[in-house]
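Everything on this sheet refers to the single structure shown next.
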Amino acid sequence: MKVMIVVTHLLGTGHLSRALTLGRAFVHNGHKTFVVSGGMPASQLDGTGMTVLGLPPLRSDGTDFTTLLNQSGEVADADYLKARETALVEAIQSFEPDILITELFPFGRRSLAAEFNAALEAAQTLPRRPIILGSIRDILAPPSKPSKAERTAEIIERYYDGILVHSDQSVVPLDISWPVTDHLRQRLLYTGFVAPGAPVPHVDLVGKDEILVSAGGGSVGQPIFHAAIEAARKMPNRRWRLLVGGQDARMRIDQLNMLIGDAPVTLEPVRPDFRQMLPLAAASVSMCGYNTALDILQSGTPAVFIPFDDGKEVEQSLRGQSLSNLPAIDVLPSKELNGDVLARAVDAVMSSGPRPVPTQGFDGAARTVEIAAKLRGRA
C-alpha cells in the first residue's frame, strides 16, 4: 500500500512524533509511506524509511492556535497559507495514496481547515479514491461550543471511512473529552496506545541516576526548568539534567544558565536518545503529553508530571488524573509549582518503590497498520 500521513504540530512536537511512529510501523510492514509535516522542523525525530515533505512551516503564537506564525515569527499571510495548500494538494495528486490519514483534523486544527479540506477534496478526485482515516490521541481538547462538534461530525460524514483512536477504550474512552454520538461511535476504531518499542537503557549510561527534566520539543516549560534549578539546590547530592526544546532552545539555555550558579544542573537541548536515558534516570520531571506519559509507563521511571494547562488547556490535566493513582507517580498543578514543592515530590516518587512495567497495550501502531490494510482490502 501507499500511505500518506498529514500532520501539523503547532506548539510541541508530540503530534509529529506520533505520526512518525505510525509511519515507521507502515514502513516495517513493507508499505511505501509519505509524511507531510506542516510544523517547524524537528530534526531530533526519526523519519527513517519514509519520505517526509515539509510544507512552509507554521507555529502557533504560544497557546493562541488561531494566530499562525511563519518560521520568521511573523503572522502567516494569505499567500503563505495558499502555498501550503497548493503543495499539499500536489503531493496527494502525485503520490496517489491508498490510505490517507489526517492527524487531529477534523477534531482540531480548525485554523488550517482550508488546507485540510482542499486535501480531502483532492483525494476524492484521484483515479482510485483512498481510504481516508482520522488519527487522534486518547484525550482531545473538548469543543468549546456544540457547533464545533457538529461541524466535525459533518466533515467525518462527508469524507472519512473511520477515526483511529490511539487509546484503549476500557482505559480512556473518547467520551471522556469529546461528545460521542451514536453515529460517531460507529466510525471509531480503537487501536490501543501508539508508542515505539520499550526503551532500551542507554549503552553509554547517559543520565544514570540523574533527575531528567524535559518539556517536549516546543518552546514551553520554562517555569518547570526554573523550579527544577531551585529544587536541585535542595538536593545537592543528585545531578539534574534539563533538556530544553524549541526553535529558541539555545537562547533559553543561555537564560537558564544565568540562574544555575552552583546548583548540580546540566543544561542541553532536547536529545534524540531521550527514551534511552529514561530507564536509567532516578526520576523524571515533565509535562504530561501523550508520548511522554507512554514513555514513562514503558520505562518504569519514577515520575513527577506537571500538566500543561496554559490557555485553558485541559488535555494533559485529564491524562494526569488518570495516572495519578499509579505507584511512583505524582502530579503537580502548575499553579502550585516551586522549587520546594518539586524537590519534595521528586524525593517522594523516588522513595515509593519500583512501579511494574506493563508489557501490553502499546502496540497501537501495529494495530493501525492492520486496520488500514483490512479497510483497503475490503475496498
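Numerical summary
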quantity	calculated
Which of Pro143, Pro354, Pro127, positive extreme of dipole for the chain (C-beta unit charges)	Pro127
Order of exposure, largest accessible area first, which applies to Arg128, Arg59 with probe 1.4 Å	Arg128, Arg59
Distant alpha-carbon pairs in the chain (separation over 27 angstrom), percent	48
Convex hull volume per residue for region 226-273, taking Cα atoms only, in Å³	66
Theoretical gain in end-to-end length, Gln222 to Glu370 [0.36 nm per residue, Cα-Cα removed]	49.3 nm
Accessible area of the chain belonging to carbon and sulfur atoms, whole % at 1.4 Å probe	51
Cα shape, region 109-203, gyration tensor, a/c 1.5 rule	oblate
Of Leu69, Leu126, Leu332, the one that fluctuates the most in a GNM where the chain has Cα springs shorter than 10 Å	Leu126
Tensor-based shape of region 284-379 (alpha-carbon gyration tensor, a/c under 1.5 rounded, otherwise prolate or oblate)	oblate
Segment Val75-Ser322, extension gain: residue separation times 0.36 nm, minus the distance between their alpha carbons	85.2 nm
Solvent-accessible area per residue, Å², over the chain with all protein chains present [probe radius 1.4 Å]	43
C-alpha center-to-center spacing [region 230-272, region 273-302] in angstrom	17
Built amide H within the under 5 Å cut-off of Val6, gap 5+	Val36, Ile101, Thr102, Glu103
Virtual paramagnetic centre 7 Å along Cα→Cβ of Ala87, amide N under 16 Å, in region 42-78	42-43, 51-60, 69-74, 76-78
Inter-site label distance for Asn257 and Asn29 at 7 Å from Cα along Cβ, in nm	4.7
Label-point separation, Glu121 to Gln169 (7 Å along Cα→Cβ), nm	3.5
Shape category assigned to region 19-174 from the gyration tensor of Cα positions, a/c cut at 1.5	rounded
Sparsely packed GluC sites (Glu not before Pro) within region 1-99, loop by DSSP, other Cβ within 10 Å at most 14	Glu74
Cα-based Lys pair tally, the chain, threshold under 17 Å, eight or more apart or on separate chains	6
Extension reserve of the Val203-Arg344 stretch, reckoned as 0.36 nm per residue once the Cα distance is removed	47.7 nm
Only Lys, Arg (+1) and Asp, Glu (-1) charged, at Cβ; the chain dipole about Cα centre in debye	680
Kyte-Doolittle mean at least -0.5 and Cα axial length at least 24 Å: DSSP H helices in the chain	78-95
Total formal charge among the other residues, if their Cβ is under 12 angstrom from that of Gly361, Lys/Arg +1 and Asp/Glu -1	-2
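The values are calculated or read from the model by the stated rules, or taken from the named source; none is laboratory data. The structure presented is a predicted model; accordingly, all values stated were derived computationally and were not measured. Don't worry about glycine lacking a Cβ; one is built from the backbone with ideal geometry, like all the others, and counts go over all protein chains shown. Each accessible area value is taken on the protein alone, full model and side chains, heavy atoms only, with ligands, DNA and RNA left out. Shrake-Rupley method; radii C 1.70, N 1.55, O 1.52, S 1.80 Å.
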